[in-house]
1. Criterion first (buried (at least 22 other Cβ atoms within 10 Å of the Cβ), over 29 Å from Glu343 (Cβ atoms) and not β-branched (Val, Ile, Thr)) does Leu39 satisfy it?
2. When you scan the range 42-60, how many residues do you find that are closer than 18 Å to Pro198 by Cα and open to solvent by 20 Å² or more (accessible area, probe 1.4 Å)?
3. What are the pairs, 6+ residues apart or on separate chains, where a residue within the range 1-24 that is under 14 Å from Glu41 (Cβ atoms) has its Cβ under 6 Å from a residue that is open to solvent by 10 Å² or more (accessible area, probe 1.4 Å) and in a loop (DSSP other than H, G, I, E, B)?
4. Does Ala98 meet the test of being on the phi < 0 side of the Ramachandran plot, assigned to a helix (DSSP H, G or I), within 15 Å of the chain's Cα centre (by Cα) and in contact (Cβ under 8 Å) with a residue 12 or more places away in the chain?
5. Show the residue pairs meeting these rules: Cβ distance below 6 Å; 6+ apart or different chains; first residue within the range 333-349 and farther than 13 Å from Pro275 by Cβ; second residue modelled with pLDDT of 95 or more and among the charged types (D, E, K, R).
6. If I filter the range 2-23 for residues that are farther than 23 Å from Ala204 by Cα, open to solvent by less than 70 Å² (accessible area, probe 1.4 Å) and within 16 Å of the ligand (Cβ to nearest atom), do I get at least one hit?
7. Scan (1) away from the ligand (no atom under 16 Å from the Cβ); (2) hydroxyl-bearing (Ser, Thr, Tyr); (3) in contact with a Ser or Thr (Cβ under 6 Å, 6 or more places away or on another chain) for the single condition Thr256 breaks and write down its number.
8. Could you please let me know if Arg89 is of a type in the set (D, E, K, R) and assigned to a loop (DSSP other than H, G, I, E, B)?
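The values are calculated or read from the model by the stated rules, or taken from the named source; none is laboratory data. Computed from a predicted structure; not experimentally measured. Positions of Cβ are backbone-derived with ideal geometry, glycine not excepted, and every protein chain shown enters the neighbour counts. Just so you know, the surface numbers come from the protein's heavy atoms only, side chains and all, with ligands and any DNA or RNA stripped out. Shrake-Rupley method; radii C 1.70, N 1.55, O 1.52, S 1.80 Å.
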Amino acid sequence: MKIAGQLCRTIWPQADMTVGIIDQTVLPHRLVRLTLSNLAEAAHAIADMQVRGAPLIGVTAAYGLALALRARADDRAMELAIETLAATRPTAVNLRWALERLRAGFLPLAASARADAAWAMAADMAEEDVAVCSTIGDHGLALIEEIARAKSGGRVNILTHCNAGWLATVDWGTATAPIYKAYDKGIDLHVLVDETRPRNQGAALTAFELGHHGVSHDVIVDNAGGHYMQRGEIDIVIVGTDRTTRQGDVCNKIGTYLKALAAHDNGVPFYVAAPSSSIDFALRDGLTEIPIEERHAREVTHLTGETEGGTLATIRVTPQGSGARNPAFDVTPARLVSGLITERGIVGANEAALRSAFSDCI
Ligand code: MRU
């Protein structure tokens with residue numbers, strides 16, 4: 001995708017065997033590129049959310065492991081590196097998926113061959129993520145086209161939550177891929193972007209990327225989605241996922257569940273863009289089995305933004321002494337999900353449909 005007309009990815013290998021990333025903690029106010037040179041920097045980038053979004057976390061972990069193996073590639077060092085990276089964020093299953101895949105690939109190799117193999121596997125994983133997201137875009141495009149046809153070419157209004165855009169993947173995004181494909185095809189569409197407190201991934205990141213691509217959008221507060229659904233101003237909700245179980249329960253950014261409830265009550269289709277790397281075939285019941293990351297209270301009690309004078313500033317929005325709780329994700333039960341937009345097509349959010357589409361993974 002593009003920033004100011006320049007093609008960009010969220011992560012890229014550099015000639016000196018380091019890894020480039022965009023620091024997402026300062027977007028949309030600053031566009032800062034960082035270099036990751038070792039395991040500690042990669043783990044910090046994930047934990048501190050310089051990179052975030054389930055697919056991008058997975059690819060960053062893969063590169064992080066490759067960087068670690070450049071320093072030491074014996075079994076013990078490798079396991080320690082995997083443990084360090086896996087501990088950075090507990091909910092997105094892509095992290096473990098990526099690390100397990102790399103481990104299986106280079107475990108049989110001699111220690112001396114592991115670093116190069118890991119580097120190549122991380123690069124392949126990044127390319128695969130781009131292809132998967134693009135295919136999700138093609139499948140989701142069909143849903144948007146159907147709505148456009150039903151409205152006789154009238155504007156299609158889409159609600160999305162958090163950032164499941166290209167900044168959350170290597171390119172294209174998951175939930176945004178159908179939007180970009182529809183926009184590129186000339187379909188008249190408008191996106192309502194949930195601000196997504198506490199970290200404002202919608203207001204800061206989704207709005208940033210939609211704006212750079214030229215997609216018409218408005219940021220709304222998290223509480224406004226239900227109101228617009230009641231007024232018939234939302235035709236479809238498309239969100240991403242950090243972990244979807246084999247019965248189709250969807251774990252995604254906190255607040256997704258409330259949008260699904262409102263969509264259900266108002267007969268608005270609620271779709272989840274879910275690459276297979278985000279599906280945890282080992283789990284069935286999302287509510288009891290998915291670990292939910294609890295982040296620091298400061299993300300709730302404080303806000304960071306740009307002042308009118310152009311400096312970045314952090315302010316407190318709660319009284320001194322008030323506590324805060326900060327679950328980063330919630331679980332939307334499968335019964336509220338109209339379908340999963342996967343790289344293998346639109347799949348029902350239920351075990352039978354997932355088994356049939358992913359028989360080789362279950
Ligand atoms: O905490 P974040 O910003 O990593 O959470 C991101 C989300 O919840 C996304 O919706 C999800 O990872 C899907 S990304 C394609």
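1. So Leu39 passes the test.
2. Final tally of qualifying residues: 3.
3. Thr18/Ser37; Gly20/Gln14; Asp23/Val32; Asp23/Gln50
4. Taking the combined requirement at face value, the residue satisfies it.
5. Taking only residues 6 or more apart or on different chains, the pairs are Pro333/Asp249; Ala334/Asp249.
6. Checking the range 2-23: not a single residue is farther than 23 Å from Ala204 by Cα, open to solvent by less than 70 Å² (accessible area, probe 1.4 Å) and within 16 Å of the ligand (Cβ to nearest atom).
7. Among (1) away from the ligand (no atom under 16 Å from the Cβ); (2) hydroxyl-bearing (Ser, Thr, Tyr); (3) in contact with a Ser or Thr (Cβ under 6 Å, 6 or more places away or on another chain), Thr256 violates only (1).
8. For Arg89, the condition - of a type in the set (D, E, K, R) and assigned to a loop (DSSP other than H, G, I, E, B) - is met.
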